[in-house]
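The values are calculated or read from the model by the stated rules, or taken from the named source; none is laboratory data. Computed from a prediction, not measured in an experiment: that's the story for all the values here. With ideal geometry, Cβ positions are generated from the backbone for all residues, glycine too; neighbour counts draw on all protein chains shown.
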Amino acid sequence: MGVKGAWQTAMHELYFTIETERKMPLDVIVGTQWGDEGKGRVVDLLSAQADFVARYNGGDNAGHTVTVGDQTFRLHLLPSGLIHPHTTGAIGNGVVINPAILVREMETLQAAGISIDPTRLRLSYAAHLITPAHLALDQAQEAARGKGKLGTTLRGIGPAFTSKVSRQGLRLVDMLDRAAFARSIQAHVKEINRTLTGLFQAEPLEPQAVAEDFLGYAQLFAPYIGDVSAMLSEALARGRRVLAEGAQGTLLDLDHGTYPFVTSSNPTAPGALVGLGLGFSFVERVIGVTKAFQTRVGSGPFPTELHGELANRLRGTGENPWDEFGTTTGRPRRVGWLDLVLLRYAVRVNGLTELAVTKLDILSGMHPIRICTAYRQEGRQWEDLPLGPGGLEAFEPVYEELSGWDADVSQSRQWEDLPAAARAFILRLEELAGVPVRLVSVGPEREQVVEIGGD
Ligand code: IMP
């Protein structure tokens, strides 16, 4: 039997095992809002039991803050679960990689004593690269949009995905043939230079200089580049646990978000399968992370947005890493009351099996607490979105008022420790969303969580 035949037989046996034992060891973590839900916290918790942790969408537009003891890590590209020394990390084909950022992040973790080497990290050969030309184009396009700007993170995300979709992108696998890569990167820069100078009157980039930098990255990344789909599929078939870490959130999804004020990838749960090259049969839990209120950075509709004193209260001052200021851009986030119409929508398009509610502690002392349960438009009430979340400007939120609580919840570790009004808030949220809440975070530290057991 040839090599291929042996491999196929081995995989057949593995799949047969999974079929008979019904092991479904893939968990997906997704944001249910406009990103920044505190997914890093939940990932950190769940990766204690995971063997593999993988990023499947977006790029360094994401910012995941994880606090361990007195160390706070802000990761943009590497999976947050890599902070746990027993895990193996992966960056899937659905991610666009700015090599300068990835190198910096690898070095930061290494300096903090967290080992990053090719035995612990695999980069998908099919992931696309973000180049300085993409960054320049993002900048030029946003400037040209003027008042209608999208408020992108200026990380070159849209242009990199545009290159991918137009089949002109540069992939990690291209880095393995140095001579051909040097030629294609220069051709890529020259091509985008034509748009930069011709359409936007912006400065062109130096193709040779970009190629030199990227050949350096190519050398560094070569031992890490491999087949993420094969590595994870095989691990899953052996019953190893894989945690897929979503970046951004449902409402920023290119297909299902508040288009055009969205990002250029698919943060929703099905994006994890496409972005890692995995089949459906492995999925066990799809965990939606929601803040106890709502935030958004950048432009676009936000029906429950608050301004003034209440907004400042929810946002914080910016002194703490967990205050509502962008991890990637430092921009103050827009804040508002929790929107259950949008949360129900997120439950639907992700097929959520459960929710994790973050930042419950921030609501302490607020009276009353409001949640949006429906929308009103021209005298008509909508419990669900008639045409998805695109045209949200047209709707006025319908609020339900819930009693607040004054007690400090940050020391709560059990359901019973929470004040009755906080429990009522969670129960109402569960009832309106239609899925159970399994986890509530009550502060920024690892141990500041309340886990709620199943039946
Ligand atoms: P882009 O992804 O940089 O193209 O930005 C498109 C939109 O998504 C903008 O409104 C950004 O503010 C938003 N966005 C992108 N990444 C994140 C994130 O990780 N958290 C929150 N908002 C994000």
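Return the residue satisfying two criteria in turn: it lies in segment 24-37 and is under 21 Å from Q448 (Cβ atoms) and within 11 Å of the ligand (Cβ to nearest atom), and of such residues it is nearest to the chain's Cα centre (by Cα).
Per the stated criteria, the residue is G31.
Would it be correct to say that T195 is touching a Leu at 6+ places or on another chain (Cβ under 8 Å), over 18 Å from I97 (Cβ atoms) and among the β-branched types (V, I, T)? Outline the logic, then answer.
Details: touching a Leu at 6+ places or on another chain (Cβ under 8 Å): yes; over 18 Å from I97 (Cβ atoms): yes; among the β-branched types (V, I, T): yes.
Criteria met by T195.
Which of the numbered conditions does H134 fail, given that it passes all the others? Conditions: (1) in contact with a Lys or Arg (Cβ under 9 Å, 6 or more places away or on another chain); (2) closer than 30 Å to L236 by Cα.
Against the list (1) in contact with a Lys or Arg (Cβ under 9 Å, 6 or more places away or on another chain); (2) closer than 30 Å to L236 by Cα, H134 comes up short only on (2).
Within segment 54-100, count every residue that is within 15 Å of the ligand (Cβ to nearest atom), within 27 Å of E445 (Cβ to Cβ) and among the aliphatic types (A, V, I, L, M).
Going through segment 54-100 one residue at a time, the tally reaches 5.
Just give me the residues in segment 154-205 being closer than 10 Å to H134 by Cα and β-branched (V, I, T), in sequence order.
I157, T162, V189, I192
Can you tell me which of T329, T353 is among the hydroxyl-bearing types (S, T, Y), within 16 Å of the ligand (Cβ to nearest atom) and surrounded by fewer than 21 Cβ atoms within 10 Å (Cβ to Cβ)?
Result of the check over T329, T353: T329.
Return yes or no: is R183 more than 16 Å from the ligand (Cβ to nearest atom) and free of Cβ contacts under 8 Å to residues at least 12 places away in the same chain?
It is true that R183 is more than 16 Å from the ligand (Cβ to nearest atom) and free of Cβ contacts under 8 Å to residues at least 12 places away in the same chain.
Among the residues of segment 154-177, write down those that are surrounded by fewer than 24 Cβ atoms within 10 Å (Cβ to Cβ) and either within 16 Å of Y125 (Cβ to Cβ) or at pLDDT below 95 (or both).
Passing the criteria: K164, G169, L170, R171, V173, D174, L176, D177.
Could you grab me the full set of residues in segment 272-281 that are at pLDDT 95 or above and not in a helix (DSSP H, G or I)?
So in segment 272-281, the residues at pLDDT 95 or above come out as 272-278.
Correct list: G277, L278.
Considering only segment 263-292, how many residues are under 19 Å from G158 (Cβ atoms) and surrounded by fewer than 24 Cβ atoms within 10 Å (Cβ to Cβ)?
Result for segment 263-292: 2.
What are the residue pairs meeting all of these: first residue in segment 289-300, first residue within 19 Å of L352 (Cβ to Cβ) and of a type in the set (K, R), second residue more than 7 Å from the ligand (Cβ to nearest atom) and not in a strand (DSSP E or B), Cβ atoms under 6 Å, and 6 or more apart or on different chains?
Qualifying pairs under 6 Å: K291/E37; K291/K359.
In the list V96, V43, V66, which residue meets the criterion of being crowded, with 18+ Cβ neighbours inside 10 Å, touching an Asp or Glu at 6+ places or on another chain (Cβ under 9 Å) and under 29 Å from Q186 (Cβ atoms)?
Exactly one residue qualifies, and that residue is V96.
With the structure loaded, tell me whether F302 is touching a Lys or Arg at 6+ places or on another chain (Cβ under 7 Å), at pLDDT below 95, within 15 Å of the ligand (Cβ to nearest atom) and of a type in the set (A, V, I, L, M, F, W, C) or whether it fails that test.
no
Which one of these does E319 not meet: (1) part of a loop (DSSP other than H, G, I, E, B); (2) touching a helix residue (DSSP H, G or I) at 6+ places or on another chain (Cβ under 9 Å); (3) away from the ligand (no atom under 16 Å from the Cβ); (4) under 28 Å from L418 (Cβ atoms)?
If we test E319 against (1) part of a loop (DSSP other than H, G, I, E, B); (2) touching a helix residue (DSSP H, G or I) at 6+ places or on another chain (Cβ under 9 Å); (3) away from the ligand (no atom under 16 Å from the Cβ); (4) under 28 Å from L418 (Cβ atoms), just (2) comes out false.
Quick one: in segment 422-451, of everything that is in contact (Cβ under 8 Å) with a residue 24 or more places away in the chain and in a strand (DSSP E or B), which residue is surrounded by the most Cβ atoms within 10 Å (Cβ to Cβ)?
Of segment 422-451, the ones in contact (Cβ under 8 Å) with a residue 24 or more places away in the chain are 422, 425-426, 428-430, 432-450.
From what's left, in a strand (DSSP E or B): 437-441, 449-450.
Working: V437: 19, R438: 19, L439: 19, V440: 27, S441: 25, V449: 20, V450: 23.
Across segment 422-451, the extreme among qualifying residues is V440.
Return the residue satisfying two criteria in turn: it lies in segment 245-271 and is within 16 Å of the ligand (Cβ to nearest atom) and not in a loop (DSSP other than H, G, I, E, B), and of such residues it is nearest to R348 (Cα to Cα).
Only one residue tops the list, namely T250.
Go through (1) within 16 Å of the ligand (Cβ to nearest atom); (2) not in a helix (DSSP H, G or I) one by one and return the number of the condition G113 breaks.
It fails just one condition, (1).
Is it fair to say T295 is among the hydroxyl-bearing types (S, T, Y), surrounded by fewer than 17 Cβ atoms within 10 Å (Cβ to Cβ) and out of contact with any helix residue (DSSP H, G or I) (no Cβ under 6 Å at 6 or more places or on another chain)?
Working: among the hydroxyl-bearing types (S, T, Y): yes; surrounded by fewer than 17 Cβ atoms within 10 Å (Cβ to Cβ): no; out of contact with any helix residue (DSSP H, G or I) (no Cβ under 6 Å at 6 or more places or on another chain): yes.
Considered against the rule, which asks whether it is among the hydroxyl-bearing types (S, T, Y), surrounded by fewer than 17 Cβ atoms within 10 Å (Cβ to Cβ) and out of contact with any helix residue (DSSP H, G or I) (no Cβ under 6 Å at 6 or more places or on another chain), T295 comes out as no.
List every residue pair whose Cβ atoms sit under 7 Å apart, with the two residues 6 or more apart in sequence or on different chains, where the first one lies in segment 306-335 and is on the phi > 0 side of the Ramachandran plot and in contact (Cβ under 8 Å) with a residue 12 or more places away in the chain and the second, anywhere, is among the hydrophobic types (A, V, I, L, M, F, W, C) and within 12 Å of the ligand (Cβ to nearest atom).
These pairs meet every condition: G318/F325.
Please work out which one of (1) within 16 Å of the ligand (Cβ to nearest atom); (2) surrounded by fewer than 18 Cβ atoms within 10 Å (Cβ to Cβ) is the condition G365 fails and give its number.
Unmet condition: (1).
Scan V66, V3, V53 and give me the residue that is modelled with pLDDT of 85 or more and of a type in the set (A, V, I, L, M).
Of V66, V3, V53, the one residue that is modelled with pLDDT of 85 or more and of a type in the set (A, V, I, L, M) is V53.
All but one of (1) closer than 18 Å to G271 by Cβ; (2) modelled with pLDDT under 95; (3) of a type outside the set (K, R) hold for H84, so report the exception by its number.
Condition (1) is where H84 drops out.
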